Amino acid sequence: MELLPLDKLGAREITPGTIQFGVFFPWVSATNGNRVFVKVIHEQDQFLRAIQPISFELTQSTDPTYGDYWSIQVNIPSQTPPPNSSWGQPGTYIYRYEIHNPNVGILDWIVYPFAREFGVGKLSAFTLGFQDHPWSANEAT
C-alpha cells in the first residue's frame, strides 16, 4: 500500500499569500457533472452575518494511484475583500469543501481529515503568514 502524497493534500502556503488547496474525492469526477468548491473566510469574520466566505472552484485531475484529485491555488491578498472584513490580513482562515452534484444537489460542510490546522468546531484551517516558533537553545534539546 502506498502512502497518500501529503504534499498534495490540505491547505498550505506555497509562497507568501498563495495557498494551495488539494483534496482527493474518489469517484467525484467532473466528467459526471460534479463541481468542487472551497469556501474560505478569515477566522475573525466567521460569525459575522454580513460577511460571507469567498468561494473558489477547484479543477479536477486524475492521479494514477488515487484517482480524482481536485486542486486550486488562491492568492489571498489579490481577492476583493468583503466590506469591513479581515480578508487579506495575516492570521487564521477557515475553510470547507462543497460539492455540487447534478443528482444530489449541494453537499456542504465537508470536514477534511488532512487539514494541517483546525478552527472552531470541526472546520479546517490554515494560517496566512505562518511564522514558525523560534525555539531557544534550551527548548530545542
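The values are calculated or read from the model by the stated rules, or taken from the named source; none is laboratory data. Since the structure is predicted, the reported quantities are computational estimates derived from the model, not experimental observations. Neighbour counts are summed over all protein chains in view; Cβ atoms, including those assigned to glycine, are modelled from backbone coordinates with ideal geometry. Remember, those area values only see protein heavy atoms, side chains included, never the ligands or the DNA or RNA. Shrake-Rupley method; radii C 1.70, N 1.55, O 1.52, S 1.80 Å.
Below are the figures for this structure:
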{"read-out": "Surface share of carbon and sulfur [accessible, 1.4 angstrom probe, percent] for the range 44-97", "value": "48 percent"}
{"read-out": "GluC sites (Glu not before Pro) lying in DSSP loop within the range 1-65, provided at most 16 other Cβ fall within 10 Å", "value": "2"}
{"read-out": "Cut-off under 5 Å, modelled amide H: who pairs with residue 119 long-range", "value": "124, 125"}
{"read-out": "Qualifying chymotrypsin sites (Phe, Trp or Tyr not before Pro) for the range 51-141 [loop in DSSP, other Cβ within 10 Å: at most 10]", "value": "135"}
{"read-out": "Global size of the chain as Cα Rg and Dmax, reported in angstrom", "value": "16.4, 58"}
{"read-out": "Size of electric dipole in the chain: Cβ of Lys, Arg +1 and of Asp, Glu -1, about Cα centre, debye, nearest 20", "value": "320 debye"}
{"read-out": "Rounded to whole Hz, the Karplus (6.51, -1.76, 1.60) HN-Hα couplings of the range 98-112, x for glycine and proline", "value": "9, 10, 9, 10, x, 9, 9, x, 9, 9, 10, 6, 7, 6, 10"}
{"read-out": "³J(HN,Hα) computed for each position of the range 13-22 - Karplus, 6.51 cos²θ - 1.76 cosθ + 1.60, integer Hz, glycine/proline x", "value": "7, 8, 9, x, x, 9, 10, 9, 9, x"}
{"read-out": "Positive-end residue of 105, 123, 95, charge dipole of the chain with Cβ unit charges", "value": "105"}
{"read-out": "Whole-Hz ³J(HN,Hα) from phi, Karplus 6.51 cos²θ - 1.76 cosθ + 1.60, for the range 34-49, glycine and proline x", "value": "6, 9, 10, 10, 10, 10, 10, 8, 5, 4, 6, 9, 5, 10, 9, 4"}
{"read-out": "Neighbour cut-off at most 14 other Cβ (10 Å), DSSP loop, GluC sites (Glu not before Pro), the range 61-141", "value": "139"}
{"read-out": "Long-range HN-HN contacts of residue 63 with modeled amide H, under 5 Å", "value": "68, 69"}
{"read-out": "Solvent-accessible area per residue, Å², over the chain with all protein chains present [probe radius 1.4 Å]", "value": "61 Å²"}
